[in-house]
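See structure below.
Coordinate-derived values only; no laboratory data. Computed from a predicted model, the values in this text were never measured in an experiment. No Cβ is skipped: glycine too gets one built from the backbone with ideal geometry, and neighbour counts run over all protein chains shown.
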Amino acid sequence: MTERVSASVEKSHPDIGFVAIGRNEGMRLERCLSSLLKQSDRIIYVDSGSHDDSVDIATRLGVFVLKLSNNESYTAARSRNEGFSTLKERWPDIDHVMFIDGDCALADGFPEAGIEALRASKDIGVVTGRCRELRPDATIYNRLCEMEWNGPIGDIDACGGIFMTSTDVFESVNGFNPAVIAAEDDDFCIRVRAAGYKIRRIDHDLCFHDADMRHFSQWWRRAIRAGHAYAQVSEMHPGYFAGPRRRAWLWGLVLPVVVLVAAPFTNGWSFALLALYGLSFVRTRAKLIKQGAYPSHAGLHAGFLTLSKFPNLIGIVDYRRKRMFKRDVAIVEYK
């Protein structure tokens with residue numbers, strides 16, 4: 001059974017409750033929970049089998065801890081669902097819930113701005129904001145995350161797992177699907193929009209994310225996880241992620257195979273087709289600059305986007321392999 005570790009709680013802000021999820025986040029979790037405690041004591045921290053002092057940190061701060069049992073796979077979707085259920089059980093009067101990851105610190109003022117946006121229009125089901133990277137210049141991988149978070153303001157198709165919604169909307173779509181191990185937030189948003197609601201990113205800082213990504217291998221695993229998500233969510237919602245899947249197959253498999261197979265028949269001239277990767281890089285960089293990115297940042301982002309097609313494809317194929325052989329689809333960790 002899931003173990004619950006209680007602590008003394010109760011303060012202000014009765015309209016909203018917070019669900020923070022994490023695994024081995026250490027001091028990042030302390031930063032996260034401290035930012036939430038500035039808003040309210042109605043907080044549930046859901047721990048997915050941490051081996052560090054995460055649970056002790058949360059308990060010391062006076063936050064209610066929900067320790068997930070290991071008899072089911074640890075997924076962000078499962079963590080958020082169980083956290084929401086516990087939140088409603090302890091504080092049944094809350095009207096809104098905000099989800100946040102343990103490696104993020106909440107930006108001041110977002111809860112008020114989020115509630116205002118939700119109350120301003122009944123057709124808005126989910127509100128998010130601008131996610132910032134805490135230390136974007138620490139590593140190139142942190143910088144890539146900072147650029148990834150830079151999404152458009154206004155109505156969007158989907159957002160990440162850090163957002164606010166009403167408890168009624170969350171319950172009406174049955175929360176997250178715990179079987180989805182990555183892009184569970186996309187799946188959730190698809191169902192929210194199918195129910196007639198909008199997903200809106202407001203022009204307000206949402207949180208400060210601490211990727212702490214230092215190695216190429218971590219970025220590679222994260223890109224594999226993205227490919228896994230493309231395959232699983234598109235299987236559930238045909239047509240979704242069609243573009244990323246098509247590009248992964250084209251650039252990650254079709255072009256290299258064509259080059260190699262044609263090489264003996266073209267005296268090696270087929271290798272000239274590899275210049276298409278350069279063309280893709282140039283076009284992507286130009287598009288990013290047009291969207292407002294600095295040229296140096298656009299070059300970095302475009303380079304890794306070009307390279308990402310290979311790990312994306314690995315993730316897609318791995319998911320298909322697991323489904324074909326009826327193997328468990330487990331979470332892909334990169335930290």
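Here are the numbers:
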read-out: log₁₀ of I(q)/I(0) at q = 0.12, 0.14, 0.16, 0.22 Å⁻¹ - region 71-195, Debye sum with one point per alpha carbon; value: -0.48, -0.66, -0.86, -1.49
read-out: Charge context of Ile153, other residues only, Cβ under 11 angstrom, K/R +1, D/E -1; value: +1
read-out: Selected from Val317, Leu61, Val233, residue furthest toward positive end of dipole (the chain; charges at beta carbon); value: Val317
read-out: Between region 258-331 and region 220-239, the Cα center-to-center distance that results, in Å; value: 15 Å
read-out: Segment Asp137-Ser73, extension gain: residue separation times 0.36 nm, minus the distance between their alpha carbons; value: 19.6 nm
read-out: Hull volume in cubic angstrom per residue (convex hull over the Cα atoms of region 56-135); value: 150 Å³
read-out: Amide H contacts under 5 Å for Ile43, placed H, 5+ residues apart; value: Phe18, Phe64
read-out: Which of Trp91, Ile140, Ile156, positive extreme of dipole for region 3-214 (C-beta unit charges); value: Trp91
read-out: Selection of chymotrypsin sites (Phe, Trp or Tyr not before Pro), region 104-198, meeting DSSP coil and at most 12 other Cβ within 10 Å; value: none
read-out: Region 77-146: trypsin sites (Lys or Arg not before Pro) in DSSP coil with no more than 11 other Cβ atoms inside 10 Å; value: Lys122
read-out: Answer label, with mean projected area of the Cα convex hull in nm² calculated from the coordinates and candidates (i) 15.8; (ii) 27.2; (iii) 18.2; value: (iii)
read-out: Kirkwood-type radius of region 98-168, with distances r between different C-alpha atoms, in Å; value: 13.4 Å
read-out: Rounded D (µm²/s) - region 222-324, Kirkwood Rh over Cα pairs, Stokes-Einstein at 10 °C, 1.306 mPa s; value: 107 µm²/s
read-out: Residue with peak Gaussian network fluctuation, the chain [Cα springs, cutoff 10 Å], from Asp185, Asp205, Asp123; value: Asp123
read-out: For the chain, built as a Gaussian network whose Cα springs stay under 10 Å, the top-fluctuating residue of Phe110, Phe281, Phe64; value: Phe281
read-out: Relative contact order (%) - region 222-324, alpha-carbon pairs under 8 angstrom, separation at least six; value: 47 percent
read-out: Derived scalar couplings ³J(HN,Hα) [region 77-84; Karplus, 6.51 cos²θ - 1.76 cosθ + 1.60; whole Hz; x for Gly, Pro]; value: 4, 4, 4, 5, 4, 5, x, 5
read-out: Of all DSSP beta bridges in the chain, antiparallel share, percent nearest 5; value: 40 percent
read-out: Gaussian network model of the chain, Cα within-10 Å springs - most flexible of Glu133, Glu184, Glu171; value: Glu171
read-out: Simple spin-label estimate for Val258 and Ile156 in nanometres, 7 Å along Cα-Cβ; value: 3.3 nm
read-out: Low-density loop cleavage sites - trypsin sites (Lys or Arg not before Pro) in region 181-276, where at most 15 other Cβ are within 10 Å (DSSP); value: Arg214
read-out: CD proxy at 222 nm, helix term only [per DSSP H run n ≥ 4: -39500 (n - 2.57); per residue of the chain; nearest 500]; value: -14000 deg cm²/dmol
